[in-house]
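Following: one structure in C-alpha cells, then a few remarks.
The values are calculated or read from the model by the stated rules, or taken from the named source; none is laboratory data. Note that the coordinates shown come from a computational prediction; the quantities given were computed from them, not determined experimentally. Here Cβ is always computed from backbone atoms with ideal geometry, including for glycine, and neighbour counts include all displayed protein chains.
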Amino acid sequence: MAQTNSSPTAGQEPLRLDAAVIGAGVAGLYQLHQLRQQGFAVRAFDTASNVGGTWYWNRYPGAKFDSESYIYQYLFDEKLYKDWSWSERFPGQPEIERWMNYIADRLDLRKDIQFSTTIASAHYQEATGRWTLTTSTGQVIDTQFVISCCGMLSAPLERVFPGQETFKGRIFHTSRWPKEEIDFTGKRVGVVGTGATGIQVIQTIASKVGHLKVFVRTPQYITPMANPHYGEAEQAAYKQRFEELRQNLPNTFSGFEYDFENGPWAELSPERRLEILEANWKFGSLKLWLATCPELFTDPEVSEEISEFVRKKMRERLKDPALCDLLIPTDYGYGTHRVPLESGYLEVYHRPNVEAVSVKKNPIAEVVPQGIKLADCTIHEVDVLILATGFDAGSGALSRIDVRGRGGRSLAEEWRRDIRTALGLMVHGYPNLFTTAAPLAPSAALCNMTTCLQQQTEWITSCLVNMRSKGAKLMEASKEVQDDWVLHHDEIANATLVTKTDSWYMGSNVDGKPRRLLSYIGGVGQYKQKCDALTSQGYPGFSMQ
Ligand code: NAP
C-alpha cells in the first residue's frame with residue numbers, strides 16, 4: 001500500500017497501485033477509505049494542498065451549504081457521524097472545510113493522499129490492461145484501476161471575456177478564491193453571475209463594499225433559506241435520526257430527507273395547493289423545489305402555477321417595478337434549473353451602494369483596464385471584478401485530463417461530440433475507469449451530493465471486490481449497455497421541462513458543448529435500484545475478465 005504523501009519526481013520508477021483515486025473531496029475521501037479497508041493498494045491525488053474538493057476551492061465570501069448539514073454528512077459510520085456537531089442548519093464554507101479535515105484525520109487518510117498533484121493524463125495500456133497516469137510534474141503512476149472523484153462542478157469557467165488580462169484591478173473567479181481575506185472597504189466591485197454562487201457572494205459583500213455593480217443576464221427564481229443556529233438540543237435531535245436518515249436518504253427522489261408526499265397535484269384543491277406551497281416556502285430549504293410535486297418538472301400548467309407563486313413572493317419583496325422586470329424570471333419555469341437559496345439577496349438591490357446592470361440585450365463585450373465594457377461601448381469602472389460565471393459541469397473535470405482508452409480514443413474528443421456514459425459509472429472504451437459525479441447519474445446535479453457519492457463509491461468498491469473474488473482483471477461497459485442507458489436517460493429527461501431551459505444542467509453555458517441533461521432525473525432511489533440490480537445480477541452488459 002502507498003504510504004507517503006511526498007511527490008516523487010520524474011525519472012523515478014512508476015508508482016505501482018491497484019487503484020488511483022483522482023480527487024480528495026467528498027467522493028475521493030470515502031473511496032480511498034473503502035478501498036484501503038478492502039486491502040487495495042490505493043492512493044488519492046489532488047491539485048489542492050488539502051482535502052475538501054468543492055469545499056477547499058469555493059472559499060468565496062458567503063459560500064455555504066444548501067443541503068441541510070446533517071444530511072450532507074457520511075452515513076456509513078454512526079460514531080463518525082455523531083462525533084461531529086454542526087453549528088447551524090446551513091453552515092458556511094469554513095465550517096464545512098473543518099468537517100472534511102475532521103474526516104481525513106479520523107480515518108487517517110492523509111498518508112495515502114498526494115496533495116498539490118495534478119493528474120495531467122491517464123492512458124490505458126492495452127498490452128498490460130493497466131493505466132499509466134502522468135502528473136503535471138512528470139511523476140508516472142501505473143495502476144489497475146482509475147477512479148475519478150474529481151467532482152461535477154470543479155472545472156471553472158475562468159476565461160470568459162476577452163481582455164481579462166488587461167484589467168488593472170484584481171479579478172477573481174469564485175471557485176479559485178484566495179485563502180487570505182480580501183478587503184473590499186471603499187472599493188468599486190463588479191460581480192458577473194447571478195447563479196447560486198453569485199447570489200451568495202452578492203448578499204454577503206453588498207454591505208462591505210464601496211459600490212457594487214451586479215451584471216445580470218438571466219434572472220433567478222429564489223427561495224429563502226431558514227438557517228437556525230444549532231445548540232446541543234438541536235444537535236442531539238438530528239443525531240437521533242441517524243438510522244432513519246441512513247435508511248431513507250438513498251431512496252428518495254433527490255437524496256434529501258424529504259420526498260414527494262402530496263399525491264397528484266391535479267387532485268388537490270386550490271386551497272390545499274396554496275397551503276403546501278406556503279408551508280414549503282416557509283420551510284426555507286430546497287423542499288419547495290424537490291418535494292412539492294413531481295408534476296413541477298413535467299406539466300407546464302403546474303410549472304406555471306408554482307413559478308407564479310414564487311414570482312409573487314419576489315414581487316412583494318422587490319416592490320420597485322424596474323427591479324421586478326430585471327430580477328424576476330418570466331421565460332422559464334421555477335426549478336427547471338438549479339434553485340438557489342438566499343438570505344436577503346433581493347433586498348440588496350434596495351441599497352444605495354448597489355446597482356443592477358442588465359446585460360441581456362446589451363451584453364458584456366470585453367474586460368478593459370478600467371472595468372467592463374458593454375456591447376454599446378458603455379464602460380463600467382470597477383476596482384475588483386468577481387466572476388461567478390460557473391463551471392464546465394459534469395464532463396469538464398475529466399475532459400481537462402488527457403484520458404485515452406482502448407485504441408488511443410480520447411474521452412475529451414468523444415464527449416465533445418456526444419456525452420455518453422453507462423449509468424455515469426463507466427464509459428464504453430475505457431476499461432477499469434470508474435467515474436463518480438459524471439454525466440447521466442443523479443450525482444451530476446440532481447442530488448444531495450453526499451447521498452449519491454456514497455452510493456456510487458460503494459457500488460465501485462463492491463465491483464472491485466467482486467472482480468478480485470472472481471480473479472477478473474478487467475471490467476468494461478459494453479456499447480449496448482451504454483446505448484440502453486443513454487436512451488433510458490434521454491426518455492426520462494426529454495419528458496421534463498428541464499431540457500427546455502438553458503443552464504449548466506443542459507451544458508448550454510459552454511460554447512459547443514453537446515446538449516443533453518447532465519443529470520439522471522429518474523430519481524436517486526430508482527437509480528440506486530438499477531445499480532443494485534447490476535451487482536446482484538452479475539453486471540449484465542459489462543464484460544469482466
Ligand atoms: P451558474 O449557475 O452556471 O451561474 C453562472 C452565472 O454566470 C449565470 O448567472 C450566468 O448567466 C452568468 N454568466 C456566465 N457567463 C456570462 C456572460 N458572458 N455574461 C453575463 N453573465 C454570464 O454557476 P454557479 O452560480 O457557480 O453555480 C453552479 C452550481 O454550483 C449551482 O447551480 C449549484 O449546483 C452549485 N452551488 C451550490 C452552492 C451551495 O449552496 N451548496 C453554492 C453555489 C453553487 P446566464 O444564466 O445568463 O448564463
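Looking for something more than 23 Å from MET449 (Cα to Cα) and either of a type outside the set (S, T, N, Q) or touching a residue at least 24 places away in the same chain (Cβ under 8 Å) (or both) - is there at least one such residue anywhere in the range 235-258? Yes.
Does any residue of the range 307-315 turn out to be within 13 Å of the ligand (Cβ to nearest atom) and surrounded by 18 or more Cβ atoms within 10 Å (Cβ to Cβ)? No, the range 307-315 contains no residue that is within 13 Å of the ligand (Cβ to nearest atom) and surrounded by 18 or more Cβ atoms within 10 Å (Cβ to Cβ).
Every residue, every condition in (1) among the small types (Gly, Ala, Ser); (2) within 22 Å of ILE401 (Cα to Cα); (3) part of a loop (DSSP other than H, G, I, E, B), yes or no:
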{"site": "CYS150", "(1), (2), (3)": "no, yes, yes"}
{"site": "GLU180", "(1), (2), (3)": "no, no, yes"}
{"site": "LYS208", "(1), (2), (3)": "no, no, yes"}
{"site": "LYS213", "(1), (2), (3)": "no, no, no"}
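So, THR128, is that one of a type in the set (Val, Ile, Thr), over 23 Å from GLN454 (Cβ atoms) and without any contact (Cβ under 8 Å) to a residue 24 or more places away in the chain or not? Step through it out loud before you land on a result.
Details: of a type in the set (Val, Ile, Thr): yes; over 23 Å from GLN454 (Cβ atoms): yes; without any contact (Cβ under 8 Å) to a residue 24 or more places away in the chain: yes.
It is true that THR128 is of a type in the set (Val, Ile, Thr), over 23 Å from GLN454 (Cβ atoms) and without any contact (Cβ under 8 Å) to a residue 24 or more places away in the chain.
Of all the listed residues (GLY39, GLY52), the sole one being in the same structural domain as ARG130 (by TED's automatic domain parsing), surrounded by 15 or more Cβ atoms within 10 Å (Cβ to Cβ) and not in a strand (DSSP E or B) is GLY52. The helices (runs of 4 or more DSSP H) found entirely in the range 400-498 that carry 2 or more residues being hydroxyl-bearing (Ser, Thr, Tyr) are 449-470.
A quick yes/no check of all residues on (1) at pLDDT 95 or above; (2) buried (at least 19 other Cβ atoms within 10 Å of the Cβ); (3) out of contact with any helix residue (DSSP H, G or I) (no Cβ under 9 Å at 6 or more places or on another chain):
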residue	(1), (2), (3)
VAL192	yes, yes, no
VAL201	yes, yes, no
PHE215	yes, yes, yes
GLU232	yes, no, yes
ALA236	yes, no, yes
ARG246	yes, no, no
PHE253	yes, yes, no
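Among the residues making up the range 141-156, those that are within 16 Å of the chain's Cα centre (by Cα) and either more than 16 Å from the ligand (Cβ to nearest atom) or over 30 Å from ARG43 (Cβ atoms) (or both) are SER148, CYS149. Just one of the listed residues (GLU366, GLU381, GLU355) is within 11 Å of the ligand (Cβ to nearest atom) and either under 30 Å from ALA127 (Cα atoms) or outside the structural domain of ILE22 (by TED's automatic domain parsing) (or both), and it is GLU366.
Being part of a strand (DSSP E or B), in contact (Cβ under 8 Å) with a residue 40 or more places away in the chain and under 29 Å from the mean Cα position of the chain (by Cα), is that true of even one residue in the range 158-169? No, there is no match, as no residue in the range 158-169 is part of a strand (DSSP E or B), in contact (Cβ under 8 Å) with a residue 40 or more places away in the chain and under 29 Å from the mean Cα position of the chain (by Cα).
The single condition from (1) more than 24 Å from LEU497 (Cβ to Cβ); (2) part of a helix (DSSP H, G or I) that PRO352 fails is (2).
Picking from residues in the range 55-91 that are among the hydrophobic types (A, V, I, L, M, F, W, C), within 23 Å of LYS111 (Cβ to Cβ) and more than 16 Å from the ligand (Cβ to nearest atom), the one that is surrounded by the most Cβ atoms within 10 Å (Cβ to Cβ) is TRP84. Here the range 458-504 is the region considered, the condition is being closer than 30 Å to PRO329 by Cβ and of a type in the set (S, T, N, Q), and the residue that is surrounded by the fewest Cβ atoms within 10 Å (Cβ to Cβ) is ASN494.
Mind checking whether some residue in the range 329-350 is of a type in the set (Val, Ile, Thr), surrounded by 18 or more Cβ atoms within 10 Å (Cβ to Cβ) and in contact with a Lys or Arg (Cβ under 8 Å, 6 or more places away or on another chain)? Yes, some residue in the range 329-350 is of a type in the set (Val, Ile, Thr), surrounded by 18 or more Cβ atoms within 10 Å (Cβ to Cβ) and in contact with a Lys or Arg (Cβ under 8 Å, 6 or more places away or on another chain).
Say we look at the range 170-190 and pick out the residues that are of a type in the set (D, E, K, R) and either at pLDDT below 95 or within 26 Å of the chain's Cα centre (by Cα) (or both); which of these is nearest to the ligand (Cβ to nearest atom)?
Among them, the one singled out is ARG176.
When both residues are 6+ apart or on different chains and their Cβ atoms are under 6 Å apart, which pairs have a first residue that lies in the range 521-545 and is in a loop (DSSP other than H, G, I, E, B), and a second that is surrounded by fewer than 18 Cβ atoms within 10 Å (Cβ to Cβ) and among the polar types (S, T, N, Q)? Close Cβ pairs satisfying both conditions: GLY541/SER478.
Residues of the range 202-224 that are within 13 Å of LEU341 (Cα to Cα) and within 9 Å of the ligand (Cβ to nearest atom): GLN220 alone. The one condition from (1) within 19 Å of ILE22 (Cα to Cα); (2) touching a residue at least 60 places away in the same chain (Cβ under 8 Å) that SER136 does not meet is (2).
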